[in-house]
Amino acid sequence: MSGERIVDADVGVLGAGPGGMAAAKALAAAGLCVVVLDEGHRAGGQIFRQLPPGAPHAAIAEPPSHAHGHALIDGFGASKVELRSGASVWDAKPGRLWFEQDGASWLLRCKHIVLAPGAYDRCIPFPGWTLPGVLTAGALQVMVRGFGVVPGKRALVVGSGPLLLPTVTALASAGVEVVAALEASSRWRALRALPGVLGNGARLREALWYGRKLLTAGVKLQWGWTVFGVEGDGRVQRATIGKVDADGRPRRETARTIEVDVVGAGFGLVPSIEAGLLLGCASRLLPARGGHCLVVDAEQRTSVAGVYAVGEACGIGGAEVAMAEGELAAAAIVRLARGAPIAAGIARKAARERKAADALLRAFAPLPGLHELAQPETIVCRCEDVTLARAKAAAALHGGSHRAIKIGCRAGMGPCQARICGPSLQALACGRPELPMDLPVAQTPLKAVRSETILNAPEG
Amino acid sequence: MAETADLIVVGGGIVGCAVVQHCAELLPKGARIVLLDRGPVAGAASASCMGHLMVTPDDAQEYAFSATSVKLWAELEEREGGFDYNPTGALYLADDPADVELFAVLQQQFADHGDRAEILDPRQLRDREPGLAHDLPGALFYRGDGVVLPMMACGAMLRQAQKHNPNVDVRPHTPVTGMLRQGDRMLGVQTANGAIHAEHVVNCCGVWAPELAEMAGQPRLPIVPRAGNLAITGHHVTPIQTQLLEISYIRFAHGAAKVDPTRTDDPGGHAMNMQPQSNGGCLIGSTRQFRGMDRTLNKALLHRSLLRAQRYAPGLAHAPIVRTWVGLRPYSLDKRPLIGPWPPLRGLWIAAGHEGLGITLSPITGRLLAEQITGRPTTIDATPYLPARFLR
């Protein structure tokens, strides 16, 4: 019954964000048969998210770099790439990707795999963060830009890093009053990003565009501030904000309360590497790039033959990096398949974009002190309802490692499989630096799938 | 100078934690008890198993062993709690007419020990568990079984131990690198952080117990790993409230293994075992296969496990599976655990080899070992489990 649910291709691409689209488009242009698997409704990924078909168009202002995204989406759409939307990859081995689509169980057989799975929002727990009305920066943008939904009237935007800016502009252009925009990094720390921005024309134009937008909206970015907690009767009604020290530790004496009904929290991103880990790819910890990252060589090859990784999975870098690395991975595969050499400009561009992104993101490397926002009774694992106090007790009794904490209180064992609480658990574990750094869990199913999907998986 | 203790327990799984708890209760107040594990507490088999409390009525000895242990579990819940103890009872199910007659056989076994299990007709079964397939030929219901969350139970045992005796010292992430001995007497252990001297050392290393024995210059213990594939669903989807077991499990799990455990061509077997979880999830097992320390998923066996689970609880077909994994159970070659002294080396004790009943049997194991160490009469006859039976 499942025999016909097999797709064959030269290259299977996981993810239709900027990296996946760029790779797929270039591969198709070289005459290779490419299938892209993506969980979204349409191509674009999180950053270039398109409204679902038929949805009313929301007039959301977009920065200049999004022109690249639209051009890429158009080129991708016009190419011979087969895009399978709503496809969730749940098992993998080199040359094979198993996925669930429309409730059916499928297998993609291919010679090469390009991993472009993107990233997750980094969640920092603070008192009240599980109240309705608190959203990650990513989720807010999905609502506003992806579905045209206005989440509230008065917003507080908090976090750290470049993603705060699109969150503010998306809210402002949807008519939400942004009461405060708080960047936890200090102005002085942020200055370290300056060379990375000034040395890259596109990034400079981007920064200026955002600067103008904030000015128009009357929003002033407050450096060295963050949220200490939110309160409300069943939903967000108030937020306590204040200053943090250079490590992100709250300075409680500076606390003050503001009235808001929505909070967008964007504390950076965490690379999605679990598909790579399941395939056996080597990884390493690069805190400034968001955590554990897949290791790739100068041509985006992972440690496993036939498996390439691009964009955020190799470390957070943004859309421009992902696109350049996608093209480079495609060129490396085309060379293998067609004998065509890699144009020098492609590798140089990928290296240049990555270098610029690293320079920018160094200034916004995760601040360890922000984990002190959580109080003993604050939930850290929302799947299993584990409070900080319980997680700490588990660490004390079972051993201080990330895994010991999970075992001792079940944190990270629920439906999200530690995608949300992983950074918090790792931060708790950091008191014992001599302990082994635990990798994110990599086991099948990568995403929750129905039992029937596993049972009906085509063999091959 | 080396640190000193009265008792060192090596291996912080459920058995090691139970040994620590009962030794803390029976050893003199103030005795120094050190628990060592190279990883987290409850980091190996106890974090990758099911959590069933199961009374096995095969014969009087087995019944006393398992039923006493299940009582000790209820006591731990009363005194400490915090490990999702749930006395669900167990439904023994069958779909093969040949297995239906086993209901009466098992019922009689419980009756032989003055205990009681009820045979349910299809209507009674449906009233008890509406989520089960409607074509089942009835079931046997036994009230005495239950479910616990083993990882958290380890924590509860250690908290109990520390309440009895504040000198209980739990040291995860502390590998034992050598066993210290003098002639035929244990002196203590060497760890990565230095030596610890003690009169008694208990080997609770499960599938690694043979390794630790060899470190002490002893012959290899008759314990081999037996792998189980498991799957767990998301929350709030469990179609069942009672622990389910296929009645063929009785034959399969406790009967003689038909395969040679030391060979590597075991195709593996399966009998359905499902447990409701406190968060509304459902834990699905249970397969058994000898294949060394290999912890990669056996997809064929996992499929069989999911398929059988779905046969009994059809709603599971649409349940989201969030995780699958493999655990290694320490299988003893004569299918009885090793609990007691290791006579060739005075001061060396063993508590290991419980295979799939380690969770059920850990409290009684801890009790028996603590009683033996302190020279007390044992709660039940401990002779069948003495490791010395393998010294010939």
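The values are calculated or read from the model by the stated rules, or taken from the named source; none is laboratory data. These numbers were taken from a predicted model, which means no experiment stands behind them. No Cβ is skipped: glycine too gets one built from the backbone with ideal geometry, and neighbour counts run over all protein chains shown.
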_Filter result for B:GLY81 (in contact (Cβ under 8 Å) with a residue 40 or more places away in the chain and within 30 Å of B:GLN124 (Cβ to Cβ))_ = no
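What number of residues within region A:382-396 satisfy the criterion of being assigned to a helix (DSSP H, G or I) and touching a Gly at 6+ places or on another chain (Cβ under 9 Å)? Steps first, answer last, please.
Start the filter on region A:382-396 by keeping residues that are assigned to a helix (DSSP H, G or I), which leaves A:388-396.
Now drop any that are not touching a Gly at 6+ places or on another chain (Cβ under 9 Å), which leaves A:390-391, A:393-396.
Qualifying residue count, region A:382-396: 6.
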*Looking at region B:85-125, which of its residues are surrounded by 17 or more Cβ atoms within 10 Å (Cβ to Cβ) and assigned to a helix (DSSP H, G or I)?*
B:ASP99, B:VAL100, B:LEU102, B:PHE103, B:LEU106, B:GLN107, B:GLN109, B:PHE110, B:LEU125
_Considering only region A:390-409, I want to know if a residue exists there that is surrounded by fewer than 22 Cβ atoms within 10 Å (Cβ to Cβ), among the basic types (Lys, Arg) and modelled with pLDDT of 90 or more._
yes
_Residues being out of contact with any Ser or Thr (no Cβ under 9 Å at 6 or more places or on another chain), more than 7 Å from every other protein chain (Cβ to nearest Cβ) and of a type in the set (A, V, I, L, M) - total across region A:395-409_ = 2
*Assuming A:ALA418 fulfils every condition listed in (1) surrounded by fewer than 21 Cβ atoms within 10 Å (Cβ to Cβ); (2) outside any helix (DSSP H, G or I); (3) within 14 Å of another protein chain (Cβ to nearest Cβ) apart from one, which condition is it?*
(1)
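Conditions (1) of a type outside the set (A, V, I, L, M, F, W, C); (2) modelled with pLDDT under 95, marked per residue:
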{"residue": "B:GLU77", "(1), (2)": "yes, no"}
{"residue": "B:ASN86", "(1), (2)": "yes, no"}
{"residue": "B:ASP99", "(1), (2)": "yes, yes"}
{"residue": "B:LEU132", "(1), (2)": "no, no"}
{"residue": "B:ALA139", "(1), (2)": "no, no"}
_Hits in region A:137-153 - residues which are surrounded by fewer than 18 Cβ atoms within 10 Å (Cβ to Cβ) and charged (D, E, K, R)_ = A:LYS153
*asked:* Whether any residue in region B:327-350 is in contact with a His (Cβ under 6 Å, 6 or more places away or on another chain) and within 14 Å of chain A (Cβ to nearest Cβ) is what I want to check.
replied: no
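Can you work out which of the residues in region B:306-323 that are within 7 Å of chain A (Cβ to nearest Cβ) and surrounded by fewer than 19 Cβ atoms within 10 Å (Cβ to Cβ) is nearest to B:THR233 (Cα to Cα)? I'd like the intermediate steps shown before the answer.
Within region B:306-323, the first condition is being within 7 Å of chain A (Cβ to nearest Cβ), and the residues that meet it are B:306-307, B:310, B:316-323.
Then keep just the ones that are surrounded by fewer than 19 Cβ atoms within 10 Å (Cβ to Cβ); that gives B:307, B:317-318, B:320.
Details: B:LEU307: 14, B:ALA317: 11, B:HIS318: 10, B:PRO320: 5 Å.
Once the filter is applied, the top-ranked residue is B:PRO320.
Only one of these is modelled with pLDDT of 90 or more and among the hydrophobic types (A, V, I, L, M, F, W, C): A:CYS416, A:CYS381, A:CYS430. Name it.
Values: A:CYS416 fails: modelled with pLDDT of 90 or more; A:CYS430 fails: modelled with pLDDT of 90 or more.
After applying the criteria, what remains is A:CYS381.
If we keep just the residues of region B:20-35 that are under 13 Å from B:ASP169 (Cα atoms) and either crowded, with 24+ Cβ neighbours inside 10 Å or touching a Leu at 6+ places or on another chain (Cβ under 7 Å) (or both), which is farthest from the other protein chains (Cβ to nearest Cβ)? If you could, list the steps in order and put the result at the bottom.
Start the filter on region B:20-35 by keeping residues that are under 13 Å from B:ASP169 (Cα atoms), which leaves B:20-21, B:23-24, B:30-35.
Of the ones still in play, those that are also either crowded, with 24+ Cβ neighbours inside 10 Å or touching a Leu at 6+ places or on another chain (Cβ under 7 Å) (or both) are B:20-21, B:23-24, B:31, B:33-35.
Numbers: B:VAL20: 12, B:GLN21: 13, B:CYS23: 17, B:ALA24: 14, B:ALA31: 20, B:ILE33: 15, B:VAL34: 15, B:LEU35: 10 Å.
Going through the qualifying residues, I end up with B:ALA31.
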*Test B:GLY183 against the stated conditions and say whether it is surrounded by fewer than 22 Cβ atoms within 10 Å (Cβ to Cβ), farther than 28 Å from A:LYS406 by Cβ, of a type outside the set (A, V, I, L, M) and modelled with pLDDT under 95.*
yes
*What number of residues within region A:281-303 are within 24 Å of A:ARG335 (Cα to Cα) and touching a strand residue (DSSP E or B) at 6+ places or on another chain (Cβ under 9 Å)?*
10
